[in-house]
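A short worksheet on the structure shown next.
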Amino acid sequence: MTVETIAAPPPARASGAGALQRLSTWLYRHPRLALAILLAPPLAWLGIVYLGSLLALLAQSFFYLDGFTGLIVREFTLRTYAELFTGSNLDIILRTTVMATVVTLACALIGFPIAYYMARYAGPRLKPFMYLGVMLPLWSSYLVRVYSWKLILAKEGIVTWIFAKLHLLWLLDATLSIPVIGGPSLSTAYLGTFIVFVYIWLPYMILPIEAAIERVPRSVIEASADLGARPRSTFRHVVLPLAIPGVVAGSIFTFSLTLGDYIIPGIIGSSRPFIGQAVFSHQGTAGNIPLAAALSVVPIVIIAIYLSIAKRLGAFDAL
């Protein structure tokens, strides 16, 4: 047996490598077909699982529940949507939308100064620690954070203890006596729900704003100062308009996440439900699938309108 015979590769392996090379060459010559092959699995998943489930949900919302038999009548009708604008269902929609709006505004007011300081004043040593401080809560369990806040806001919790030590317990009691936002304690009041929502979603507001402010060229700010503008005028007429897309981008997260959340209102706050809790109740214990589907469509419509407005404001450029 010669050296050439020993060193020669197996015929099957050589033919397999040749087939792969021919396939690679053919795909290279047909880039559109190669792109279609790459995109087919994710697009099939998106179309079947995601869009398919949304279409099934939309179809269920046009049915209705027979009040006498308790069975779902699969006939096309708008009577289930008419129920959304009556009584408690309308209260649920308004309550959830108002809470999402207030939480978004509070996150913007709190998050903007933090993001502005991170982008403009934090040095190279401080900035990583500020990023870590903003993102560190996201590394812990969502449920652990919510239940921790329930203990913090309880009547025997640390917040009540601090107010008692500062001799400001009267202020806490006066706040909790307000009809709409108050309650027996912060853990059973809408004010407590609001506090936890702001804490949970605040990082999603800070990071897009910080990214938008980082993109503002320093030369623009220096040009404004060279033209005689004061720092307040520069902030109002230069920095703030360029940072608005980041604010809107952050509001997309805070508004949509608050609108669809059902865990926080179920753990902290009063017994009056939000949209997520109502959907869970109707599709579970009540068995009213059409009404649950119709309630699920409400956040989708609200977010679609909100995203169209955000797109016009250039929010997607700051994501």
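Figures for the structure shown
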| quantity | calculated |
| --- | --- |
| Rg in Å to one decimal, and Dmax rounded to a whole Å, for region 218-319 via C-alpha atoms | 20.7, 67 |
| Where GluC sites (Glu not before Pro) in DSSP loops with at most 14 other Cβ within 10 Å are excluded, longest remaining stretch of the chain | 157-319 |
| Rg/Rh (Cα only; Kirkwood hydrodynamic radius) as it applies to the chain | 1.14 |
| The chain, helix-only ellipticity at 222 nm - DSSP H runs n ≥ 4, -39,500 (n - 2.57), divided by all residues, nearest 500 | -22000 deg cm²/dmol |
| Per-residue ³J(HN,Hα) for region 230-245, Karplus 6.51 cos²θ - 1.76 cosθ + 1.60, θ = phi - 60°, Hz, x for Gly and Pro | 6, x, 5, 5, 5, 5, 6, 9, 10, 6, 4, x, 6, 8, 4, x |
| The chain, dipole about Cα centre (Lys/Arg Cβ +1, Asp/Glu Cβ -1), debye to the nearest 20 | 680 debye |
| Euclidean distance of C-alpha centroids, region 198-254 and region 74-88, integer Å | 44 Å |
| Sorted by Cβ neighbour density within 10 Å, fewest at the top, the residues VAL159, VAL279 | VAL159, VAL279 |
| Cβ crowding within 10 Å averaged over residues, with 26-39, 58-71, 294-307 ranked highest first | 294-307, 58-71, 26-39 |
| Region 84-156: trypsin sites (Lys or Arg not before Pro) in DSSP coil with no more than 15 other Cβ atoms inside 10 Å | ARG125, LYS155 |
| Projected area, mean over directions - region 67-106, Cα convex hull, nm² | 4.0 nm² |
| Percent RCO, i.e. relative contact order, over the chain, from Cα pairs under 8 Å lying at least 6 residues apart | 23 percent |
| Helix 142-153 vs. the chain, principal-axis angle (Cα, 0 to 90°, nearest 10) | 10 degrees |
| Rounded to 10°, Cα long-axis angle of helix 289-312 versus longest principal axis of the chain | 80 degrees |
| Proximal lysines relative to LYS165, as straight alpha-carbon distance under 18 Å, when same-chain residues fewer than 8 apart are discounted | LYS155 |
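Every number here is computed from the coordinates shown, using simple stated rules; none is lab data. Computed from a predicted structure; not experimentally measured. Using ideal geometry, Cβ is built from the backbone for each residue, glycine included, and neighbour counts are taken over all protein chains shown.
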